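Step one of this worksheet: look at the structure below.
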Amino acid sequence: MTIAHTFLHEFEHEARTTRRFLEQLPAGKMSWKPHEKSLSAGQLALHIASAPGGIIGMAMEDEVPAPDFKNPFPEAKSVDEVLAAHDASVQAVKQQLPTLSDAQMGQTWRMMKDGSPVLEVPRAAMIRTILMNHIIQHRGQFGVYLRIMGAKVPSSYGPSGDEMPEFMKSAAAVG
């Protein structure tokens, strides 16, 4: 199994968990913010949903320009918009990630600003940190949003205050 296929297996698992979090976004809370400096719930949800598709596109290149974070993230208008963006983003990763060979995963990937690298890492490290860990970190952040908004928080790696993880439900049914 290639490195890319191993990552894809993990990504698919995480994407299912992420979708369960996004499904809990209360429809009337798109503009809600926990703090004035924070993204709105609709901005954060849409970023979580759509970022993997953009990030895998960046990972397919050897060099990319650094993003311009001056522009505000767009805010979703509905939960359906968030879920459609998530599904399209997941599909993009599923199509593109497995095309990378182990040799390509070991090649240096660069993010450039004004002709100079601001980040140089093996492509596999870019995928691990920016595609996977970055989204998982934002999913945890979104879980706090959900709790404060009064929505249910799904389990991810262990129990949440609202739900046991699937493997624990299965173990309870057996025992």
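No value in this document is a laboratory result; all are computed from the given coordinates. Every value quoted in this text rests on a predicted model; they were computed, and no experiment measured them. Neighbour counts run over all protein chains shown; Cβ positions are idealised from the backbone, glycine included.
Given the DSSP H assignment, sum -39500 (n - 2.57) over each helix run of at least 4 residues in the chain and divide by its residue total; what's the result at 222 nm in deg cm²/dmol, nearest 500?
Estimated from H runs of four or more residues: -16500 deg cm²/dmol.
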From the Cα centre of the range 96-175 to that of the range 30-55, the distance in Å is 15 Å
Net charge near Gln96 (other residues with Cβ under 13 Å of its Cβ; Lys, Arg +1; Asp, Glu -1) is +1
Sequence of Ile130, Ile148 once ranked by neighbouring C-beta atoms within 10 Å, starting from the fewest:
Ile148, Ile130
In the chain, which whole DSSP H runs stretch at least 15 Å along their own axis (Cα) and average -1.0 or higher on the Kyte-Doolittle scale?
3-22, 41-59, 79-96, 134-149
Row for the range 89-141, column shape: gyration tensor on C-alpha, a ≥ b ≥ c, rounded if a/c < 1.5 i.e. under 1.5, prolate if a/b over b/c, else oblate; value oblate
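Based only on the alpha carbon positions, what is the Kirkwood hydrodynamic radius of the chain, in angstrom?
One over the average 1/r among Cα pairs gives 17.3 Å for the chain.
Is the shape of the range 1-90 rounded, prolate or oblate, going by the alpha carbon gyration tensor and its root eigenvalues a ≥ b ≥ c, with a/c under 1.5 for rounded and a/b larger than b/c for prolate?
Oblate shape, in that a/c is at least 1.5 and b/c is the bigger or equal ratio.
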Below 12 angstrom from the Cβ of Ala4, what's the summed charge of the other residues (Lys, Arg +1; Asp, Glu -1)?
+1
Normalised by the residues of the chain, what does the relative contact order come to in percent, with Cα pairs under 8 Å and at least six apart?
28 percent
Treat every Asp and Glu Cβ in the chain as -1 and every Lys and Arg Cβ as +1, leave all other atoms uncharged, and give the resulting dipole magnitude about the Cα centre to the nearest 20 debye.
460 debye
Considering only Cα-Cα distances, which of the following residue pairs are longer than 31 Å: Lys37/Lys77; Lys77/Lys169; Lys37/Lys169?
Lys77/Lys169; Lys37/Lys169
